[in-house]
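Data block below; observations after.
The values are calculated or read from the model by the stated rules, or taken from the named source; none is laboratory data. Source: prediction; values computed, not measured. Heads up, the Cβs are rebuilt from the backbone with ideal geometry, glycines too, and the neighbour counts pull from every protein chain shown.
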């Protein structure tokens, strides 16, 4: 039975989560490279790190036998993933080269701020160490990867600025205002209604909401103070969403029952003015125009001088294996 793989999903995952390190072209020989793009090598080391991270990620999600799954045309999942990782590294190299020509870069301060935000989002330094270990990354790799991601994002945004005007963004907002209202909420989740009512009683008596998040059954809730970040309509279960959107910043809900348990919700912020949600509106327009960005990248790739040095052998099917075994047997008899 063939196991189908969504190449776009893999490519997006590789691009967003596991962007490659910037390695100096100096000192990397042809023998140590998997490809050369406009004279700049992609090293075997660079490829190996990216592939190993993705391999581990898919094995963790789908099981260790996933790499041997048949993908059709005599190829297995591992060979398919190698090709996708290589293709992504080539595209990334092309984008970085064009970004350098256009003087698109990021400062050390911007990178430091992004890293600090990421560390906070995972729950602190100890949680970061766990994340890096689980994903087979070093902190140095993560920092370099984040810098590349930021440059690629700046490059992408620079392109869209040339085709999406302020008038386009304002029109999209005016026609879809309700869809762009976003709120930020924190919650305390418990198993029983009695527990939730007791928490609500403590809050009404003056207890601090943040301190009571330690009672939440949600993993990591205490570290995050129950924070769920910003979300729009349609992102949460209906009962939770209805209660949260009725609140004003600073207000706390009554007990809310969902399939997950019983919640006490605190609204911490609401964004609905144009300037507050402009980035979200722009992101939607960019998504609609993403084909044009793909065309731009494809044009750069068509013009690029690309030499593939990595050899990937297709997986053998059962008939091929049987033929090889017979050939070996005949050779041994002779």
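Annotations for the structure displayed:
- Residue 293 being out of contact with any strand residue (DSSP E or B) (no Cβ under 9 Å at 6 or more places or on another chain) and assigned to a helix (DSSP H, G or I): yes
- When residues of region 257-287 are limited to those that are free of Cβ contacts under 8 Å to residues at least 60 places away in the same chain and over 26 Å from residue 164 (Cβ atoms), the one surrounded by the fewest Cβ atoms within 10 Å (Cβ to Cβ): 259
- Test: residue in region 214-224 that is in a helix (DSSP H, G or I), within 31 Å of the chain's Cα centre (by Cα), closer than 20 Å to residue 247 by Cα and without any contact (Cβ under 8 Å) to a residue 40 or more places away in the chain: no
- Check on residue 265, modelled with pLDDT of 95 or more and within 30 Å of residue 192 (Cα to Cα): yes
- Number of residues in region 236-251 that are surrounded by fewer than 17 Cβ atoms within 10 Å (Cβ to Cβ), more than 28 Å from the chain's Cα centre (by Cα) and not in a helix (DSSP H, G or I) equals 5.
- Pair list, Cβ < 8 Å and 6+ apart or interchain, from region 127-156 residues that are in the same structural domain as residue 104 (by the TED database) and within 23 Å of residue 48 (Cβ to Cβ) to residues that are in a loop (DSSP other than H, G, I, E, B) and modelled with pLDDT of 90 or more: 147/106; 151/104; 151/105; 151/106
- Here residue 58 meets each of (1) surrounded by 18 or more Cβ atoms within 10 Å (Cβ to Cβ); (2) over 20 Å from residue 90 (Cα atoms); (3) modelled with pLDDT under 90 with one exception, condition (3).
- Leading residue by the ranking (nearest to the chain's Cα centre (by Cα)) among those in region 25-55 that are without any contact (Cβ under 8 Å) to a residue 40 or more places away in the chain, surrounded by 19 or more Cβ atoms within 10 Å (Cβ to Cβ) and not in a helix (DSSP H, G or I): 43
- For residue 228, the criteria (1) assigned to a loop (DSSP other than H, G, I, E, B); (2) farther than 17 Å from residue 180 by Cβ hold in every case but one, which is (1).
- If the condition is being exposed (fewer than 14 other Cβ atoms within 10 Å of the Cβ) and at pLDDT 90 or above, then region 65-77 contributes 65, 68, 72.
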